[in-house]
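Read-outs: derived from the displayed coordinates by stated rules, not from any lab. If you're wondering where the values come from, they're calculated on a predicted model, not measured in any experiment. Please note: Cβ atoms are built from the backbone with ideal geometry, for glycine as well, and neighbour counts cover all protein chains shown.
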Amino acid sequence: MKKGMILFIGLVLVLGMATAQANMKDTKTYKEAFSGATIKCIDCHVDAMPKKDAGKHELSEYGKAVLAESKDGITVDTLKKVGKFEDFKKK
């Protein structure tokens, strides 16, 4: 029983880390595009935490603009073209 529980917890941790890597990659790309900048999930998404039934965050207007510009994934050039999220909110 204990081995099964440990295996289950380990599996959950590994799967959780795999889904978080894309977010970390995008965060690093943002920091590379705008040196010294910080960004949080809530800057690109409407909610800080995803809804349980949906499993995904709903994108904010900034997130939608970045997604619309990113044909081959989010890149430094894509982010520079859209601009910082702070500037986007002022428009």
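State the extension gain, in nm to one decimal, for the chain segment bounded by Thr75 and Glu61, taking 0.36 nm per residue of separation less the distance between their alpha-carbons.
Gain on extension, Thr75 to Glu61, equals 3.2 nm.
Assuming R0 = 30 Å, can you tell me the calculated FRET efficiency for the pair Lys2 and Met49, based on Cβ-Cβ distance, to the nearest 0.05?
0.45
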